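Peer 1: Sharing a structure here in structure tokens format.
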Amino acid sequence: MDKLVVKRGRIKAQVNIPGIVLDLNVPDSVSSLREVRKLIETIRRQETVEYDPFVWQLSDELRSSPAAMEFVKQAARAERGMLYRKLSFENVRVVDADRKESFSTLDTHKLKPFLTNSLADISGRDATLGLVHVMSTISKDDKALLVDSLRKHFPSIELKTQYTHRDVLGKTIVELILFGQFQEEY
């Protein structure tokens, strides 16, 4: 809980837990204090029971996607192990003087060696399901190329995809969550 202020029978509380933001302003503190306390305890129980520490490593953009989180929840129920990797690599900034525009793209020559080195310790035979989240300002085609490269690296895994168009310090961020028959690692 970030703040709890009680003044003259009035409660003002701000709760900010990853994935949950709650701002309360209750005029009658005596009757509402019990309900506020129950609400906070329920949030704490949810945090420990339903969401393990792995979920809090995910980006806000991925956690705020109901479809992605439902897939993660279902895959975690279906499979024994879970593996999370966050990859980050620099975008190439291209300036087109004729059109007076600039854009970001992938350095496709460095992509395959980067993925091979970053994912060398993961056996694709142990995983059965996966989720790839790509966050960047690169084009949709570049994002699809990146996901296709991951699919070639893990040919036997069914990969779901999630894209977010957002600038993160001029980089492309890839969150890879794999589910399968390996020891839990996150």
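The values are calculated or read from the model by the stated rules, or taken from the named source; none is laboratory data. Here the structure is a predicted model, which means the values were calculated and not measured. Every residue, glycine as well, gets a Cβ built from its backbone with ideal geometry; the counts of neighbours run over all protein chains shown.
Peer 1: Can you pull out every residue in region 143-161 that is loosely packed, with under 13 Cβ neighbours inside 10 Å and in a helix (DSSP H, G or I)?
Peer 2: Passing the criteria: Asp148, Lys152.
Peer 1: Hey, which of the strands (runs of 3 or more DSSP E) in region 62-130, taking only ones fully inside, have at least 2 residues that are in contact (Cβ under 8 Å) with a residue 60 or more places away in the chain and either over 22 Å from the mean Cα position of the chain (by Cα) or under 25 Å from Asp141 (Cβ atoms) (or both)?
Peer 2: 81-90
Peer 1: Can you tell me which of Leu119, Leu169, Leu146 is touching a Lys or Arg at 6+ places or on another chain (Cβ under 9 Å) and hydrophobic (A, V, I, L, M, F, W, C)?
Peer 2: So the residue among Leu119, Leu169, Leu146 that is touching a Lys or Arg at 6+ places or on another chain (Cβ under 9 Å) and hydrophobic (A, V, I, L, M, F, W, C) is Leu119.
Peer 1: Still on this structure: Has region 162-185 got at least one residue that is touching a helix residue (DSSP H, G or I) at 6+ places or on another chain (Cβ under 6 Å), on the phi < 0 side of the Ramachandran plot and either polar (S, T, N, Q) or assigned to a loop (DSSP other than H, G, I, E, B) (or both)?
Peer 2: yes
Peer 1: Quick one: how many residues across region 89-126 are among the small types (Gly, Ala, Ser) and farther than 22 Å from Arg166 by Cβ?
Peer 2: 4
Peer 1: Just checking, does region 93-110 include any residue being assigned by TED's automatic domain parsing to the domain that holds Arg63, within 22 Å of Val72 (Cβ to Cβ) and among the hydrophobic types (A, V, I, L, M, F, W, C)?
Peer 2: No, region 93-110 contains no residue that is assigned by TED's automatic domain parsing to the domain that holds Arg63, within 22 Å of Val72 (Cβ to Cβ) and among the hydrophobic types (A, V, I, L, M, F, W, C).
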